[in-house]
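Reading through the structure tokens given below for one structure.
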Amino acid sequence: MFSKSCKYAIRAVLYLAIHSDAEHKLGVKDVAEALDVPGPFLAKLLQQLSRHHLISSTKGPNGGFYLSETNARANLRGVVESIDGPEVFSSCILGLPVCSSQNPCPLHSRAQLYRQGLLELVEDQTIKEVAERVERQELKI
């Protein structure tokens with residue numbers, strides 16, 4: 001359901017939530033190596049997330065990316081929408097331009113339930129809560 005870019009962005013945000021703070025910032029290279037993601041591609045994603053105020057960054061020799069307390073209290077919906085756009089939760093699963101409740105495609109009603117459940121998943125918990133669960137379960141991001 002989410003693009004590869006969005007999945008990379010979610011992983012990067014969770015990694016930053018676990019491994020960074022205002023005193024300990026991470027560079028793109030560090031995050032890219034840890035997540036096994038292409039550095040230039042990740043750099044663009046992190047810049048986009050920073051522009052949308054979903055992660056924090058500072059420039060200079062001690063600069064880098066990190067999650068502030070405010071960032072950590074947000075949910076993953078903002079991350080998803082900043083990368084894939086808000087229509088990821090409402091567009092036709094078959095990609096048809098005319099699909100709607102008034103003119104549904106063959107998969108509309110079942111897809112709507114799926115999208116609603118997915119939306120609830122990314123809204124229901126804060127980034128910090130998801131990151132804590134990942135860390136507690138010792139999952140590789």
Taking Cα atoms only, helix 39-51 is inclined relative to the longest principal axis of the chain by an angle, in degrees rounded to 10, of 80
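Take the Cβ-Cβ distance between ASN103 and LYS4 as r, set R0 to 35 Å, and report the resulting FRET efficiency rounded to the nearest 0.05. Please report the intermediate quantities before stating the final value.
Numbers: r = 31 Å, r/R0 = 0.87.
For ASN103 and LYS4, the calculated efficiency is 0.70.
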Based on Cα positions only, what radius of gyration and what Dmax would you give for the stretch 81-141, in angstroms?
15.3, 45
What is the Cα centroid distance between the stretch 28-89 and the stretch 124-141, reported in whole angstrom?
16
Local net charge near GLY39, Cβ-Cβ under 11 Å (Lys/Arg +1, Asp/Glu -1)
-1
Place a label point 7 angstrom from the Cα of GLU69 along the Cα-to-Cβ direction, then list the residues of the stretch 40-62 whose backbone nitrogen is under 18 Å away.
54-57
Helix 108-124: angle to the longest alpha-carbon principal axis of the chain, degrees 0 to 90, nearest 10?
20
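Report relative contact order for the stretch 4-136 in percent, whole number only (criteria: Cα-Cα under 8 Å, sequence separation at least 6).
On the way: 161 pairs, mean separation 38.1, N = 133.
Normalised by residue count, the contact order of the stretch 4-136 is 29 percent.
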So if we plug the beta-carbon distance of GLN112 and HIS53 into 1/(1 + (r/R0)^6) with R0 = 35 Å, what FRET efficiency do we get, rounded to 0.05?
0.70
Evaluate E = 1/(1 + (r/R0)^6) for ALA34 and LEU121, where r is the Cβ-Cβ distance and R0 equals 22 Å; express this FRET efficiency to the nearest 0.05.
0.35
If you line up the long axis of helix 127-136 against the longest principal axis of the chain, both from Cα atoms, how many degrees apart are they, to the nearest 10?
70
Go through [x] 31, 16, 13; [y] 33, 22, 17; [z] 25, 16, 13 and flag the label whose value is the computed semi-axes √(5λ) of the Cα gyration tensor in Å for this structure.
[x]
If we count every other residue with Cβ under 12 angstrom of ASN71's Cβ, Lys/Arg +1 and Asp/Glu -1, where does the sum land?
0
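Net charge within 11 Å of ASN62 by Cβ-Cβ distance, Lys/Arg positive one each and Asp/Glu negative one each, not counting ASN62 itself?
Details: positive: LYS25, LYS59; negative: GLU23.
Net charge in that neighbourhood comes out at +1.
Read-outs throughout are calculated quantities, based only on the coordinates presented, and are distinct from any laboratory measurement. Every value quoted in this text rests on a predicted model; they were computed, and no experiment measured them. Positions of Cβ are generated from backbone atoms using ideal geometry, with glycine treated the same way; all protein chains shown enter the neighbour counts.
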